[in-house]
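Have a look at this one before I ask anything.
Nothing in this text is a laboratory measurement; each read-out follows from the coordinates by a stated rule. Model, not experiment: these values are computed from the prediction. Here the Cβ positions follow ideal geometry from the backbone for every residue, glycine too, while neighbour counts run over all protein chains shown.
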Amino acid sequence: MKCALIIPPWLPEEIFSSKTAGSQINYWQPLGTLYVAAALQQAGHEVRFLNGAFLPHQEIMAGVAEFAPEFIGLYSTTFGWDKAKKMATALRQAGFNGALAVGGPFPIALPEKCLTECPELDVVVTGEGEETVVELLEMLAGSPVTTDGGNGDRPWPDLGDIKGLAWRRGQEIVLNPPRPLITDLDALPFPARELLGEIDDYVPPPATYKRRPVAVIITSRGCNRHCLYCFQIDKSRKSGIRYRSVDNVMAEIRHCLAQGYREIKFIDDTLAADYQRAMELARRIKEEQLDFTWFASACVNQVDLPLLKAFKEAGCWAILFGAESGVQKDLNTIRKGITPGQIKKAVAAAKEAGITVYTPFIFGIPGQTFEDGLKSIEFALELDPDIANFHALTPFPGTELWDNLDQYGTVSHDLSEYTYQGAAFIPYSMTREEIAELRRLAFKRFYSRPKFLWRRLLALRSIHDLKAAVNGAKSLFWLLIGDRIFHRSKDK
């Protein structure tokens, strides 16, 4: 079957402030979509990927018309849901009469809402798409029609036996049982990166990579932590973390290098959750003397100097620690399970190991006051990581925060604000204006320090470094002269 997988079009200025986009813009490899594409290919289907990060609406529509798929899968985040609805409507108006599905974090969290708001859709994939979509296409290709459903009066088979799916049975919306989580991750094919097109277009944020092209790899799925704002299919965290074997990860690394990639960003929430496995992965990378640099994320209470030195010796040049706050009360509220002391210790160890340190912080935590936010800024300055980011807490559907909004604060119904940039959530203890001001102050104070500017100047080694520095200087200029840089234009 011919299958088109589509990320609807979006523009950087819809997410980032136009004044700072140059130092924030990034284009990630969409691993979830690429995993589904690989599973479809393995099952014998022909797949085409159309990415709205680079293709405008008309080019996507033209690509669909030329390819003439029988199945289309749309991807949607919370921010992208309105765009997915628009794309679904346009596809039907253009005459597409095949099966139209949607997946991604927003549909997984709110499948019935998606089917209700978008009658053009036939199904929502609610989990483990690699198996669910393949089984769906097998059903569509080989099962007799038993009911009228799908879009309008088009004949449609009964999909009640497919776990991990929400669908239409006539006018009724049916929510099938969840699909069991995939435990043997080694059995999955590697993401179909050959569908990406120009791989150099896919870059993380400026100053967060050393070499191009950059591949994205995830070595595990799931989480055993309970952060208030984190989305996981396994909301109860009963399944914990499911790991790929080190052999399987190494095989994918070699596969990426053969495709021309020269840096890898490991996007596991924490690569160090299993300490011995992380140490073994670093040992194997070093042992094989593979030519690539890499970036990872880790939780501060799961690393130590020996592990970080092993990372460095294996080619790790940077690590992200989710600091989030310098105030213990706020860390407790978001259930981070760490202390400011542990953050300091991990950052100091990474610096000693010679690894560049990135630390994101969050404003708008329930119960956080403006004064607490100022303390976090002071903590960030004291911590002195190489790069810091300052986000607004976002209540994504499917998270503990979303499920208990009335307990914590008020929420915007404008989905375009669900980007870590707009203040979609306002705790009872703070105002929207205070969150925007804290973000502005934090960026301004952190990045205008002579110590930071001198360090960045000494670190310039390439044209990429120079471009990142220029974009950062432009952002800093606007931070210094503007006091409403993180306020949305409609609020001005």
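How big is the convex hull of the Cα atoms of the range 187-345, per residue, in Å³?
Values: hull volume 20.1 nm³, N = 159.
For the range 187-345, the hull spanned by Cα atoms encloses 127 Å³ per residue.
When N is the residue count of the chain, what does its C-alpha Rg come to as a fraction of 2.2 N^0.38 Å? Intermediate values should be presented prior to the final figure.
Numbers: Rg = 22.8 Å, N = 492, 2.2 N^0.38 = 23.2 Å.
Here the Cα radius of gyration is 0.98 times the empirical estimate.
Which of the pairs Lys83/Lys444; Lys235/Lys329; Lys375/Lys451; Lys2/Lys210; Lys286/Lys351 have their Cα atoms more than 31 Å apart in this structure?
Working: Lys83/Lys444 33 Å; Lys235/Lys329 24 Å; Lys375/Lys451 20 Å; Lys2/Lys210 38 Å; Lys286/Lys351 20 Å.
In this structure, Lys83/Lys444; Lys2/Lys210 lie more than 31 Å apart at Cα.
So, one more: Given 0.36 nm per residue, what is the gain on full extension from Asn404 to Asp247 after removing their alpha carbon distance, in nm? Working shown, then result.
Numbers: separation 157, 0.36 × 157 = 56.52 nm, distance 4.12 nm.
So the extension gain works out to 52.4 nm.
Treat the count of other C-beta atoms within 10 Å as a stand-in for reagent exposure and order Phe190, Phe295, Phe311 from fewest to most.
Working: Phe190 15, Phe295 24, Phe311 29.
Lowest count first: Phe190, Phe295, Phe311.
Then there is this: For the range 261-274, in order, what is each residue's ³J(HN,Hα) by Karplus, 6.51 cos²θ - 1.76 cosθ + 1.60 with θ = phi - 60°, in whole Hz (x at glycine and Pro)?
6, 10, 9, 10, 10, 7, 9, 3, 3, 8, 6, 9, 4, 9
With only Lys, Arg, Asp and Glu charged, each at its Cβ (+1 for the first two, -1 for the last two), find how big the charge dipole of the range 203-491 is about the Cα centre; round to the nearest 20 debye. Don't skip to the answer; put the middle values down first.
Numbers: 41 positive and 33 negative charges, 160 e Å.
Computed charge dipole of the range 203-491: roughly 760 debye.
Can you tell me the equivalent ellipsoid semi-axes for the range 314-370? Use √(5λ) from the Cα gyration tensor, largest first, whole Å. Mind dumping the intermediate values first?
Working: eigenvalues 127, 23, 14 Å².
Here the semi-axes work out to 25, 11, 8 Å.
Could you tell me the extents of the range 203-491's C-alpha atoms along the three principal axes, largest first, rounded to whole Å?
53, 47, 35
Residue farthest toward the positive end of the dipole of the chain, with Cβ of Lys/Arg at +1 and Asp/Glu at -1: which of Pro205, Leu401, Leu381?
Looking along the dipole axis, the top candidate is Leu381.
With both bridge residues required to lie in the range 203-491, what share of the DSSP beta bridges run antiparallel, to the nearest 5%? Write out the running numbers ahead of the final one.
Numbers: 6 of 28 bridges.
In the range 203-491, approximately 20 percent of DSSP beta bridges are antiparallel ones.
Continuing with the same structure: Can you tell me the relative contact order of the chain? Whole percent, Cα pairs under 8 Å, sequence separation 6 or more.
Numbers: 898 pairs, mean separation 66.6, N = 492.
Relative contact order comes out at 14 percent.
How much FRET efficiency would the formula 1/(1 + (r/R0)^6) give for Gln42 and Arg283, where r is the Cβ-Cβ distance and R0 is 22 Å, rounded to 0.05?
Values: r = 31 Å, r/R0 = 1.40.
Once the sixth-power term is evaluated, E becomes 0.10.
With no other cysteine's Cβ closer than 4.7 Å, which Cys residues of the chain count as lacking a disulfide-compatible partner?
Flagged as lacking a Cys partner: Cys3, Cys114, Cys118, Cys223, Cys256, Cys299, Cys316.
Count the DSSP beta bridges whose two residues both fall in the chain, then state the antiparallel fraction as a percent rounded to the nearest 5. Please report the intermediate quantities before stating the final value.
Details: 15 of 54 bridges.
Around 30 percent of the beta bridges assigned by DSSP in the chain are antiparallel ones.
For a quick check: with amide H placed at 1.01 Å from N, whose amide H comes under 5 Å from Asn389's, ignoring anything fewer than 5 positions away on the same chain?
Those qualifying (amide H under 5 Å, at least 5 residues apart or on another chain) are Thr359, Phe361.
I would also like to ask the following. Neighbouring Cβ atoms within 10 Å as the yardstick, rank Lys265, Lys336, Lys329, Lys444 fewest first. Intermediate values should be presented prior to the final figure.
Details: Lys265 22, Lys336 26, Lys329 13, Lys444 19.
In order of increasing Cβ crowding within 10 Å: Lys329, Lys444, Lys265, Lys336.
OK, next. Is any helix in the chain, taking whole DSSP H runs, at least 24 angstrom long along its axis by alpha carbon and on average at least -1.0 on the Kyte-Doolittle scale, and which ones?
Working: long enough: 463-481 (27 Å, 0.87).
Going by DSSP H runs, the hits are 463-481.
Select from Pro306, Ser236, Pro12 the residue farthest towards the positive end of the dipole of the chain; place +1 on Cβ of Lys and Arg, -1 on Cβ of Asp and Glu, and compute about the Cα centre.
Farthest along the dipole direction, towards plus: Pro306.
Can you list, bin by bin at 5 Å, the percent of alpha carbon pairs in the range 351-431, starting at 0?
Each 5 Å bin holds this share of Cα pairs: 3, 15, 22, 20, 16, 12, 7, 4, 1, 0.
Extending each Cα 7 Å along its Cβ direction at Asp304 and Lys86, get the distance between those two points in nm, one decimal.
5.3
Fewest first, what order do Thr399, Thr126 take by the number of other Cβ atoms within 10 Å? Present the calculation step by step, with values, prior to reporting the outcome.
On the way: Thr399 20, Thr126 24.
Listed from fewest to most nearby Cβ atoms, that is Thr399, Thr126.
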